[in-house]
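Each remark here refers to the structure printed beneath this line.
The values are calculated or read from the model by the stated rules, or taken from the named source; none is laboratory data. Just so it is clear, the structure is predicted and the values come from calculations on it, not from any experiment. Backbone-built Cβ (ideal geometry, glycine too); neighbour counts: all protein chains shown. To get the accessible areas, we keep the full protein, side chains included, count just its heavy atoms, and leave off ligands, DNA and RNA. Shrake-Rupley method; radii C 1.70, N 1.55, O 1.52, S 1.80 Å.
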Amino acid sequence: MTAYSKPLSKRAAWNALDAHYKKVQSVHLRTLFADDPKRGERMAAEAAGIYLDYSKNRITDETLKLLVQLAEESGLRERIDAMFRGEKINITENRAVLHVALRAPRGASLSVDGKNVVTQVHAVLDKMADFTHRARQGTWKGHTGKSIRNIINIGIGGSDLGPVMAYEALRHYSDRRMTFRFVSNVDGTDFAEAVQGLNPEETLFVVSSKTFTTLETMTNAHTARAWLLKGLGGDEKSVAKHFVAVSTNETEVTKFGIDTANMFGFWDWVGGRYSMDSAIGLSTMLAIGPDNFRAMLDGFHQMDEHFRTAPFDRNLPVLMALLTIWYTGFFDAHTIAVLPYEQYLKRFPAYLQQLTMESNGKYITLNGMKVDYQTSPVYWGEPGTNGQHSFYQLIHQGTRLIPCDFIAFGASLNPLGRHHDILIANVFAQAEALAFGKTAEQVKAEGTPDWLVPHRVFEGNRPSNIIMADRLTPEILGKLVALYEHCVFTQGVIWQIDSFDQWGVELGKVLAQRIVTELESKAEAELAHDSSTNNLIRRYRRGKS
């Protein structure tokens, strides 16, 4: 048995960390900083234009040493190399995991089943760029000869969260002459609001579904088709001028009425939540243009190379992952707050929710055994400073330990007076307050009445990272996403789980397909669910009649 095939609890580093935790669990960050005046400068790492200050974590040099040892004992280096070689490390689906190939430079080589997939990737990127130029320059015409001014992306999960997040994050770089909207929810309201006020003659739908059979996506796509035909006099030929597909199913795409020349493919070695830099990002390219899209890909690639080559104790994704392992495994932390102090990143926490929790929300190890430790925490968050007037109370004085990732930028894309200085002052102040708090003595010294003192004490010792870059650019966005992608990968390796399947989403989808026929049946269906579900189905049917 290799060291990294041992159960996590049997690894030497894990047991050493357990013993170490008992010694340091009550040590306060005030003490750690007082004992090491250079801690704030020393416990920081920088790579590819991203600066990570991890000094406000409840760790010592010994903690970091043992965490790195755990990574080594877990076979992290071997697993990184296996992923970059294109080995089929997604074992439950027997697939390679090569989202890194999506941003490999032209001329690079990454093979799957003996084929260099980088060549295929750039062929699709070139096709996307050609289409994007035509749409943005107005040479792609709709059915009535008008140029396209409105783009609506229809997808769900990774086919929606990535494009929405990227559009919002990079809106500063987008073509403001065009309108971009996104439909994902099967709730009809989502579609109805997305097309509100739009002219079908000037509207293009990007339908993103690998199989072109996803229930929510195809329900919305057919509704979009009906809306378009109604607005264009019912001419079926109009569909080909107002719909393009991101898919691999030529038969279904053709049946829908889309010209397969306007079908953009991707591959089974790209998981949905890792696909925003594939053809799934077509709406992103349409918004920001091919040059900015390629700059984003370059940012991804730079972080890929850092992750692949940097020693673990200076490796940004590895450091962040190890800190999560430390807090979930020993401090029993159940959540992590991601707090971007950048309004353009308002959808970044939502994007990370799928990336992290769909990847590592697993309780079965690679060898089919049930884990006896915590895996993925819940990731959540909102932009600062909004969150400060909402949930920060819980983070500062609540009973739960919630590690935080603060994300900030040295310069604003929209400099307005003092706004950015005030914004960044809040980032630094919140991290400082979480770490050091406010003692009873300090509160009393302010003249606070004794009865009020306990309410105004901040215990502190609440951990956080600060992630900084110069400014939010397409390149930096790529680096940030890749940072978290590889953090997730590292966590999964140590937890011994498959971060690249998602069987947990299947059961509800299968049951929904069955229930929808029972809801729509003209005759009273014979129901075989539990008594609650049967009763709810009957109640809903009565309401429809």
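Between Gly75, Trp380, Phe406, whose Cα lies farthest towards the positive end of the dipole of the chain when Lys and Arg beta carbons carry +1 and Asp and Glu beta carbons carry -1, centred on the Cα centre? The residue sitting most towards the positive pole is Trp380. One chain, two ends: Leu198 and Asp291. Fully extended at 0.36 nm per residue, the span grows by 30.7 nm beyond their Cα-Cα distance.
Once the Cα atoms are used to define both axes, helix 158-169 deviates from the longest principal axis of the chain by about 70 degrees. Residues whose amide H comes within less than 5 Å of that of Phe180, counting only those at least five positions distant or on another chain, are Ile151 (H built at 1.01 Å from N in the peptide plane). Per-residue 3J(HN,Hα) values for the range 80-92, derived from phi via the Karplus relation 6.51 cos²θ - 1.76 cosθ + 1.60 with θ = phi - 60°, read 4, 4, 5, 5, 5, 7, x, 5, 7, 7, 7, 6, 6 Hz in sequence order (x marks Gly and Pro). Heavy atoms of the protein chains alone define the surface here; on that basis the range 359-488 has 48 Å² accessible area per residue at 1.4 Å probe size. The portion of the accessible surface of the range 411-537 made up by carbon and sulfur, rounded to a whole percent, is 57 (1.4 Å probe; DNA, RNA and ligands excluded).
Computed from Cα atoms, the angle from the helix 474-495 axis to the main principal axis of the chain rounds to 70 degrees. Rounded to the nearest 10 degrees, the inclination of helix 12-24 to the longest alpha-carbon principal axis of the chain is 60 degrees. Each residue of the range 54-67 is assigned a 3J(HN,Hα), and the resulting list reads 10, 5, 8, 9, 7, 9, 10, 4, 5, 4, 5, 4, 5, 5 Hz, derived from the Karplus form 6.51 cos²θ - 1.76 cosθ + 1.60 (θ = phi - 60°), x at Gly and Pro. Using the Cβ atoms and a cut-off under 15 Å, what net charge is assigned to the surroundings of Gln343, where Lys and Arg are +1 and Asp and Glu are -1? Computed value for this residue: +1. On full extension, the segment bounded by Glu526 and Thr119 gains 141.2 nm, given 0.36 nm per residue less the C-alpha separation.
Protein heavy-atom accessible surface, 1.4 Å probe, per residue over the range 85-142: 47 Å².
Placing pseudo-labels 7 Å out from each Cα toward the beta carbon at Glu250 and Asn94 gives an inter-label distance of 2.4 nm.
Relative to the Cα centre, the charge distribution of the range 17-159, modelled as +1 at Lys and Arg Cβ and -1 at Asp and Glu Cβ, gives a dipole magnitude of about 860 debye. The residues of the range 153-308 expose on average 35 square angstrom of accessible surface per residue, using a 1.4 Å probe on protein heavy atoms. Summarise the accessible area of the range 49-96 (1.4 Å probe, protein heavy atoms) by the percent that is carbon and sulfur. Looking at the range 49-96 in its full context, I get 45 percent from C and S. When peptides 50-61, 268-279, 527-538 are ranked by their average number of other Cβ atoms within 10 Å per residue, the highest-first order is 268-279, 50-61, 527-538.
Summarising the amide proton neighbourhood of Lys56: residues at separation of 5 or more, or on other chains, whose placed amide H is nearer than 5 Å comprise Ser464. Surface composition of the range 156-216: carbon plus sulfur atoms hold 46% of the accessible area, using a 1.4 angstrom probe and ignoring ligands, DNA and RNA. Rounded to the nearest 10 square angstrom, Trp14 shows an accessible area of 30 square angstrom against a 1.4 Å probe.
Applying the Karplus relation 6.51 cos²θ - 1.76 cosθ + 1.60 with θ = phi - 60° to the range 211-217 yields 3J(HN,Hα) values of 8, 6, 10, 4, 3, 5, 5 Hz, where x marks Gly and Pro. For Ile336, the residues 5 or more places off, or on other chains, whose built amide H falls under 5 Å of its own are Val378, Tyr379, Trp380.
Using only DSSP helix segments of four residues or longer, with each worth -39500 (n - 2.57), what per-residue ellipticity at 222 nm results for the chain after dividing by its residue count and rounding to 500? So the helix-based figure for the chain works out to -14000 deg cm²/dmol. Charges were assigned to the Cβ only: +1 to each Lys and Arg, -1 to each Asp and Glu. The resulting dipole of the range 226-368 about its Cα centre is roughly 280 debye.
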